[in-house]
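A short worksheet on the structure shown next.
What follows draws every value from the coordinates through simple rules; no lab data is involved. This structure is a prediction, so every number in the text was calculated from the model and none was measured. When we count neighbours, we look across all protein chains shown, and the Cβ atoms used for this are built from the backbone with ideal geometry, even at glycine.
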Amino acid sequence: MSHYKMPLAEYVYTEHFGEMNVAEDVYSSFTDKKNSNDQFLYVHGLLKEYDWLPTKSDGYIRLSQAHRRWRKRLKKNLKKLGVFINMDCTMANKNNDTSDQYRLRGNEAFKIKNYEESLKMYTQSIMTAEIDSLNFALSVANRSATLYYLEEYEHSLKDIDQAFKSKRYPLQKNYKLFERKGNCYRQMNHISIALEWYSNCLLHLNSNTHLTFVTKEKIKIRISEFVKKCEVVEENTKKINIKYKSFAKLKFDKNFGLSKCVEIRNSNEMGRGLFASKNIKPGEILIIEKPIAGVFKNSMWMFNCNYCFQRCLSAIPCSKCSQVIFCDETCLRKAHTSYHGIECSLVYPLKADPTVEPTHDLALRCFVQLINLMGVDHFCSMVRKYNEPNFSFDESSNNCFIDSTFHSIYALDGNETKRTVSNLFFMHCTASMMVSFLSLNEYYDIPSNLLGTVGVSLVHLLCIANLNSYASVELSKYIDKSNNNVSNRTATYDSVALVLCPAYSLINHSCDPNVIVQTYSGVEVTRAIQPILEGSQVNHNNFLNCT
Ligand SMILES: [Zn+2]
Ligand SMILES: [Zn+2]
């Protein structure tokens, strides 16, 4: 989002200090500082002086008055431009009333067979439902029905089990889930298991005292029809799903998925880049890799796991906040250890802040991941080493970028020296806000002697995220089924997340790109789209991916 062709946050700080009649002094003091450490500490002190930094009271992290005043002003101005911003921070909390509303909307969509919409609504209902509540049980059960009609039988089964596991699903309704389980297994051609669940369902009906005789008879007739169908084993055509799942099985090098036909080199004009080490034909795959870090674009996150980025339709929610989902307990646990433990209580109050951009979330994510991986002391010693004037990577081994996660993130270009003073100043302001939030967070402590180094590293990560991240696009899951003419179907792409990849980020930009990148269930695949001759540079154009 930009304001007067400037990032919103940059505009806010520039305006604020302009109105205070100190902008010029501030910028000249900022540029006069002798090193990046002093620059950061100066900005941090300045924001403190002008009441920009958040505080903590009654156990809650609160934005400062100046910050809140600006948020209000922005909200008003943007409203005039027709942009509505919801700044309600409580949205990140679980709330059964909200969950109810989403489920009702899901039910309405379900009734008119708009399964895609009901899938979205039920997922939102699951995310917002309070932990161990009836709401959660009802919503996963309803989602299992939607998934059944979307022919996502494995996901439907997973949701049915979630409903049972929650122990809150009403016993007298169990027959519905038994029947659905039978149906899923029948569709998957697991006939004997299907028959088992149908017979469980019939047993349950006999002992159910909540249903009338007539209703029970109706269900029994329906089930006997299904049992008959089981006897005629049908060839199950799972159409699109099979095609999609085959992508997810792509094998890639866990650390760095560079193909042998490319190598990292330094060129005088464009700095570090990726070069062809042999002739490459269009269609050849050059890189297969997982992003180092990624943050989801608001409306798309509910179908992809927040940890492994894989598409997942029967996801489980975070037990604390209502903002993220995961494939399963393993991803949830890994995410909590790696970053979400901190983010859960920290980042989401900021979500509603119009000056926080997705690249800021991404920078903070990189920082938190690295800190959790390395420990703050080791991290800071690496940052200091990196900032020494004579520091250089061991160029004899390009593996130095790959060997450690730190290098693969930190060695990316941030272009700090080429930025305008006002832009660099605003990166410092944002880093300063982040440092304050981190310091106020109960799970985390930055020793005061490391404040400068942490700030400097955040400025660098913000610049890296700003320069190297790109929107990861994925083929839409559902192709309009009503259109039977395959050749007329247009493939649509969803922009899923803002990601940072170690190898793809090494590729330089060109308006005549010779590669493109696409996402297959969280795996980024870079492919040649033009012949690339041995020795020439590989180039991408990120704007191709902008949707
Ligand atoms: Zn996952
Ligand atoms: Zn959470």
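For a footprinting-style exposure proxy, rank E108, E231 by other Cβ within 10 Å, fewest first.
On the way: E108 13, E231 8.
Result, fewest neighbours first: E231, E108.
Using Cβ contacts closer than 10 Å as the measure, can you line up S439, S192, S345 from fewest to most? Walk me through the numbers before you get to the answer.
On the way: S439 16, S192 8, S345 19.
Neighbour counts put them in this order, fewest first: S192, S439, S345.
Round to the nearest 0.05 the FRET efficiency obtained for N372 and N279 when R0 = 35 Å and r is the Cβ-Cβ distance. Don't jump to the answer; show the numbers that get you there.
Working: r = 43 Å, r/R0 = 1.22.
Efficiency, rounded to the nearest 0.05: 0.25.
With each pseudo-label sitting 7 Å past Cα toward Cβ, what's the S510-E388 distance in nm, one decimal?
3.7
Ranking C463, C331 by Cβ neighbours within 10 Å, fewest first, what do you get?
On the way: C463 23, C331 20.
Result, fewest neighbours first: C331, C463.
Over 27 Å between Cα atoms, which of K120/K158; K72/K418; K120/K173; K181/K220; K167/K334 qualify?
Numbers: K120/K158 17 Å; K72/K418 33 Å; K120/K173 23 Å; K181/K220 15 Å; K167/K334 25 Å.
Table pairs above 27 Å Cα-Cα are K72/K418.
Nearest 0.05, what FRET efficiency do E329 and Q518 give at R0 = 25 Å with Cβ-Cβ as r? Please report the intermediate quantities before stating the final value.
Values: r = 29 Å, r/R0 = 1.18.
Between E329 and Q518 the formula returns 0.25.
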